[in-house]
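*Asks:* Structure in structure tokens, see below.
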Amino acid sequence: MTTDSTPSTSIPERSIYTRILRFAPLYVVVFCTGVLLLVAFLRPFESPKPTLSTSTELVGSDNNPTGAYFNLRNSGGPDTLLGASTPAASSIALQIIDPTTTSSTPDTLTSGGSYITVGSIDIPGFADMKFAPGGNQLLLTGIDTPLVVGQTIPITLQFERAGTLTITAEVQPYSVIADRLLPPRLKLSAGQ
């Protein structure tokens with residue numbers, strides 16, 4: 001019995017698993033790119049609804065115009081403050097400190113600056129925001145009846161996503177507002 005055994009030069013057969021492993025990094029990159037494009041274009045995840053609350057609501061006395069201040073807590077997604085109104089004043093302007101007129105000192109990160117009126121103020125999500133003297137404020141103008149210390153006035157805030165929020169602000173002199181809203185290092189002592 002003779003067998004024809006001629007040596008053959010055949011290529012070893014590759015299994016499907018070997019080919020998959022060889023191109024696995026490329027498959028992962030293509031898959032991840034597809035998922036990112038899907039998220040970018042379809043936006044399947046919406047930002048959570050803003051959940052807004054306020055504390056330390058105060059309005060300055062003895063001035064016309066005067067400022068309104070408060071602490072704003074957002075326990076949800078971002079929002080935008082579009083405006084405000086009150087029966088105590090003819091109009092309320094949203095104001096921020098102009099960053100181009102702000103300066104740095106060794107004691108504080110920023111100081112000074114001048115107020116500018118803006119059409120809206122962005123409210124970050126899951127954060128606290130302070131409306132305080134030297135920072136963001138609501139400027140009440142056209143006050144017909146003088147504001148009396150201890151009096152409370154309603155102020156309705158209009159937000160883009162959360163709708164309206166009405167706060168009750170207490171009228172106080174600016175020295176009391178500074179005591180309640182500013183950190184101790186920014187308050188002036190009685191002798192200064």
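*Asks:* Kindly list the number of the only condition in (1) within 30 Å of A84 (Cα to Cα); (2) modelled with pLDDT of 90 or more that fails for E46.
*Replies:* Of everything listed in (1) within 30 Å of A84 (Cα to Cα); (2) modelled with pLDDT of 90 or more, E46 misses just condition (2).
*Asks:* Residue by residue through the range 163-178, note down the ones that are open to solvent by 40 Å² or more (accessible area, probe 1.4 Å) and either within 23 Å of the chain's Cα centre (by Cα) or more than 13 Å from G60 (Cβ to Cβ) (or both).
*Replies:* T164, L165, T166, T168
*Asks:* When you go through G112, G125 one by one, which is the residue that is at pLDDT below 95, within 15 Å of L81 (Cβ to Cβ) and surrounded by fewer than 17 Cβ atoms within 10 Å (Cβ to Cβ)?
*Replies:* Only one candidate passes the filter, namely G125.
*Asks:* Does the range 51-58 contain at least one residue that is touching a Pro at 6+ places or on another chain (Cβ under 8 Å) and either under 24 Å from E170 (Cβ atoms) or open to solvent by 40 Å² or more (accessible area, probe 1.4 Å) (or both)?
*Replies:* Within the range 51-58, none of the residues are touching a Pro at 6+ places or on another chain (Cβ under 8 Å) and either under 24 Å from E170 (Cβ atoms) or open to solvent by 40 Å² or more (accessible area, probe 1.4 Å) (or both).
The values are calculated or read from the model by the stated rules, or taken from the named source; none is laboratory data. None of these values were measured; they are calculated from a predicted model. Quick reminder, even Gly has a Cβ in these numbers, built from the backbone with ideal geometry, and neighbours come from all protein chains shown. SASA here: full protein model, heavy atoms, side chains in, ligands and nucleic acids out. Shrake-Rupley method; radii C 1.70, N 1.55, O 1.52, S 1.80 Å.
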